[in-house]
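Structure record follows, encoded as structure tokens.
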């Protein structure tokens, strides 16, 4: 029999004691629980980026219990949920949009609202509410024993804006950036193809810090050191990088900003 698996995704920071608290609850429930840290470096309170990351990484372990805590509304009226998925896995976390994309992608078939427990902290549901629920599900407890059933169709949805695509031009919102300064856009690979922006194309990248020259490529080595490259990242999203540098800082790009990638006009004769 395979050991139970619980994944963890938070904005707590990778060396935070809060991450340790989640692990401690899970191990305290049963040391056999295999714990997989999906990410703890989500930007603070960035529910949308966390939801995107959760959805794409949960696909790797669809039968696991996925514990996700990016919860700026902790202590308010937002619900805490446990959700059963079509492949037998589960989602546990706040109903603030964080779980919505994964619930849709992996097929939510049932959900319960987790009740608050007397005497627990009002500001750490990750430790006191969500981690215990995740442990119980991983160890075989029935979802229905954890709380009051609700319609999974009512799980808070998350809207990721579609890019604007025209010949020679893609305009999209920034989803976020990683520790290398690579900027991920809310646009899939097909957006570049639809715009006719193929590898080798010279482009102008317009963002909060002005316009910058760049090149469409497949990987970082397709441009010279210090140059910007527009590429499709390992998750199939359109992304921007500076070879050997930090594209997010150079472009002044933060989550929610708009970036336009457009073919460089031909010089006048």
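Brief remarks follow.
- Nitroxide proxy distance, nm - points 7 Å out along Cα→Cβ at residue 179 and residue 121: 2.4
- If both residues of a DSSP beta bridge must be in the chain, then about 70% of such bridges are antiparallel.
- The angle separating the long axis of helix 17-29 from the principal Cα axis of greatest extent in the chain is about 40 degrees.
- Whole-Å distance, taken between Cα centres, linking the stretch 150-220 and the stretch 1-72: 27
- 0 to 90° range, to nearest 10: angle between helix 47-58 axis and the chain longest Cα axis: 80
- Shape category assigned to the stretch 1-83 from the gyration tensor of Cα positions, a/c cut at 1.5: prolate
- Where a label projected 7 Å from the Cα of residue 194 along Cα→Cβ would reach, residues of the stretch 161-177 with amide N under 20 Å: 161-176
- Shape class for the stretch 5-154, computed from the alpha carbon gyration tensor (a ≥ b ≥ c): rounded, with a/c under 1.5.
- Given [x] 20.5; [y] 19.1; [z] 19.8, the label whose value is Kirkwood radius over Cα pairs in Å derived from this model: [z]
- The label point for residue 27 and the one for residue 235, both projected 7 Å from the Cα toward the Cβ, are 2.9 nm apart.
- Computed from the C-beta positions of residue 18 and residue 153, the FRET efficiency with R₀ = 35 Å rounds to 0.65.
- Bridge type composition, the stretch 199-241 - antiparallel percent by DSSP, nearest 5: 75
- Each peptide in 113-120, 138-145, 200-207 was scored by the mean count of other Cβ atoms within 10 Å over its residues; highest first, the order is 200-207, 138-145, 113-120.
- Take 159-171, 176-188 and order them by the average number of nearby Cβ atoms within 10 Å per residue, most first; the result is 176-188, 159-171.
- Gyration tensor verdict on the stretch 164-263 (Cα atoms; rounded if a/c is under 1.5, prolate if a/b is larger than b/c, oblate otherwise): rounded
- Mean Cβ neighbour count within 10 Å, used as a protection proxy, ranking 65-76, 20-31 highest first: 65-76, 20-31
Read-outs: derived from the displayed coordinates by stated rules, not from any lab. Because the structure is a prediction, the values reported are computed rather than measured. Because the Cβ atoms are built from the backbone with ideal geometry, glycine has one as well, and the counts that use them run over all protein chains shown.
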